[in-house]
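In what follows, a structure is listed as structure tokens, so that the remarks can point back to it.
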Ligand code: PMP
């Protein structure tokens with residue numbers, strides 16, 4: 001990888017040069033979705049201009065071209081997260097879709113009345129609600145790993161909650177609200193001592209840190225393309241072959257079958273068993289361009305720059321009287337949630353928007369976590385490798401201005 005020059009990198013992202021309300025955009029909502037480099041944008045255009053065709057069915061040239069590109073992208077994903085087999089990569093619509101797939105399919109086969117599904121206090125709604133739905137159908141129940149005030153999982157409590165009834169542990173690698181990086185390798189190790197499989201929600205990890213599914217030894221791992229500089233509408237479910245082979249299909253339709261008759265249908269092999277219907281072909285193909293872009297910068301440089309921003313922003317924001325950071329774990333990704341006295345986060349967000357600064361306000365799809373802290377929501381600034389210290393300065397002066405206006 002080449003030397004990290006943020007100004008050069010910013011030139012790769014056309015939207016970063018736009019203006020909002022007459023002000024240069026300061027985009028600090030990367031945990032919601034990231035901006036896209038030209039490599040990805042041009043690949044999408046190239047697909048529709050030169051490759052567009054349905055995959056896995058056509059004998060004709062274009063269909064084979066599109067199929068090859070789609071399957072090549074699957075290999076790139078497999079290499080990126082170091083799977084043992086390419087067919088352990090299932091393309092989905094995103095993180096939410098991947099979790100629902102596991103809840104429906106793994107759930108139907110392996111979760112029964114009286115069983116326990118374990119999650120944590122800091123999960124995103126998409127790693128809570130599918131398990132609640134499954135619990136309603138199956139008679140299973142949820143148990144929730146507690147956290148401390150800093151927003152760290154209580155591992156001793158976790159250990160004491162494990163028993164034979166627990167059939168699955170589902171944990172975010174990185175919290176989208178707090179930024180906490182959870183010790184998932186340790187959680188997987190402990191769970192496996194009880195033969196409990198573990199699903200990792202890597203929606204907020206895949207863009208920040210290198211992930212090796214074999215090294216982690218996780219049973220499932222899910223993420224979204226749109227948060228890692230790739231297209232919307234594509235995501236990945238990684239599953240260990242032994243689980244995916246054992247799990248029933250999620251949705252029925254074209255592509256996922258071997259033979260169909262009105263008496264009996266047989267299912268296609270992995271990964272196609274879980275990929276019914278025409279997928280988001282262009283997004284699947286162009287996810288590979290996003291991966292190539294990330295690899296070219298490299299996680300060492302990404303981590304170094306994002307951590308500089310995180311530490312700088314933390315120090316500068318804490319100089320504002322009345323400001324409190326929610327989520328002060330020892331190990332954090334570049335996400336900062338904060339509140340200021342009794343000012344409503346939404347009002348701060350509105351004033352920041354007028355200054356061209358994009359943040360997110362509210363509960364961030366983590367209402368139970370907000371309940372834990374006894375607050376309705378936060379202002380969240382989340383940084384990508386293309387953000388700068390000057391943008392942090394703009395955020396800080398914007399928050400100061402908002403506080404003056406609203407106090
Ligand atoms: N889990 C986490 C931790 C997230 O941050 C998000 C996105 N905010 C999701 C799951 C859901 O991802 P998606 O909306 O792309 O399905």
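Restricting to strands (runs of 3 or more DSSP E) lying wholly in segment 302-407: which have 3 or more residues that are without any contact (Cβ under 8 Å) to a residue 40 or more places away in the chain?
Answer list for segment 302-407: none.
Looking at segment 355-386 only, could you name the residues that are more than 16 Å from the ligand (Cβ to nearest atom) and within 19 Å of the chain's Cα centre (by Cα)?
Passing the criteria: 385, 386.
Can you tell me which residue in segment 1-43 is nearest to the ligand (Cβ to nearest atom), limited to those that are within 21 Å of residue 227 (Cα to Cα) and in a strand (DSSP E or B)?
So, considering only residues that are within 21 Å of residue 227 (Cα to Cα) and in a strand (DSSP E or B), the one nearest to the ligand (Cβ to nearest atom) is 29.
Does residue 82 qualify as being on the phi > 0 side of the Ramachandran plot and over 17 Å from the mean Cα position of the chain (by Cα)?
Working: on the phi > 0 side of the Ramachandran plot: yes; over 17 Å from the mean Cα position of the chain (by Cα): yes.
Against the criterion (on the phi > 0 side of the Ramachandran plot and over 17 Å from the mean Cα position of the chain (by Cα)), residue 82 qualifies.
Consider residue 189 carefully, then state whether it is touching a residue at least 60 places away in the same chain (Cβ under 8 Å), away from the ligand (no atom under 12 Å from the Cβ) and over 15 Å from the mean Cα position of the chain (by Cα).
In short, no.
Just to verify a result, which residue in segment 67-94, among those that are touching a helix residue (DSSP H, G or I) at 6+ places or on another chain (Cβ under 6 Å) and within 16 Å of the ligand (Cβ to nearest atom), is nearest to residue 215 (Cα to Cα)?
Taking the candidates together, the pick is 90.
May I ask you to verify whether residue 111 is within 16 Å of the ligand (Cβ to nearest atom) and free of Cβ contacts under 8 Å to residues at least 60 places away in the same chain?
Answer is no for this residue.
Only one residue in 197, 210, 231 is farther than 22 Å from residue 175 by Cβ, at pLDDT 95 or above and surrounded by 14 or more Cβ atoms within 10 Å (Cβ to Cβ), so which one is that?
On inspection, the qualifying residue turns out to be 231.
The values are calculated or read from the model by the stated rules, or taken from the named source; none is laboratory data. In this text, all values refer to a predicted model and were calculated from it rather than measured experimentally. When we count neighbours, we look across all protein chains shown, and the Cβ atoms used for this are built from the backbone with ideal geometry, even at glycine.
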